[in-house]
Amino acid sequence: MLYLAFVHGDGVLRSRYMESFVRFCQKVQYVSDPSVPLVLKSCPDYRNFLFIKSKIPNAKFVFLFRHPLRLLDSQLRIFQKGEANKLMLMMSKRYSITESPVVKRLMKGAFSDCFGINPGHSWLIHRMKVAEGQLFKDLPFVERKDYIFVGYEELMVDAQSHVQRILAHVGETCPADVNLNPYTQPRKFELLPDIQKRQEYLLRLFQKTRDLVGFDEEV
């Protein structure tokens, strides 16, 4: 299985990139194994699946979800540190602005709760709700057989069975002598205070996603 991150502009696959993207994939397969399927692993493309399906009709999707509160906590920690995401730096030219010392200081201030408010927190929640809304809007236009849901927390607990399920979804099998569970483990840490105090509200806010993936109230 080959993972591709197609780097161009804002890191999102668009019509004007399709010809170059297909040519790139063909070259990768030519120098490796043409029978091996390719996987587009691009974080900025998480809201772009309907466009990809329109351009690549036989594409199949694996939606990997983290518990909304854990996801929010993780993003908030990154911004509070004022650190740029290394993966995003490789995938998006626009994101490189976050390496600026001035931008780093602004990020740390905007996502800090030292003044009793956290405007960055509200912005992250809004961004997650926009993504959730688009998911539920676009998902009905993709046939159910073409996508599966995987919970990040469950994947960390039992990688073997979930990877087997993913491979079966794309028509592949996991080698019998491969055991993936020793390489993963759950990450447990206490939620940031700013999230803890709004936990009940946030659980209700992201109820649709929790129901979709099967997340309970335990975080």
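Let's see how each residue does on (1) under 22 Å from the mean Cα position of the chain (by Cα); (2) within 21 Å of G120 (Cα to Cα):
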{"position": "L180", "(1), (2)": "yes, no"}
{"position": "K188", "(1), (2)": "yes, no"}
{"position": "L192", "(1), (2)": "yes, yes"}
{"position": "E200", "(1), (2)": "no, yes"}
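All conditions but one from (1) open to solvent by less than 50 Å² (accessible area, probe 1.4 Å); (2) farther than 30 Å from P57 by Cα apply to A176; the one that does not is (1). When segment 91-145 is limited to residues that are assigned to a helix (DSSP H, G or I), at pLDDT 75 or above and among the acidic types (D, E), the one that is surrounded by the fewest Cβ atoms within 10 Å (Cβ to Cβ) turns out to be D138. Yes or no: L13 crowded, with 16+ Cβ neighbours inside 10 Å and assigned to a helix (DSSP H, G or I)? Considered against the rule, which asks whether it is crowded, with 16+ Cβ neighbours inside 10 Å and assigned to a helix (DSSP H, G or I), L13 comes out as no.
The values are calculated or read from the model by the stated rules, or taken from the named source; none is laboratory data. In this text the structure is predicted, and so the values were computed from the model without any measurement. Using ideal geometry, Cβ is built from the backbone for each residue, glycine included, and neighbour counts are taken over all protein chains shown. Ligands, DNA and RNA are stripped out before the accessible areas are found, and what is left, the full protein with its side chains, is counted by its heavy atoms. Shrake-Rupley method; radii C 1.70, N 1.55, O 1.52, S 1.80 Å.
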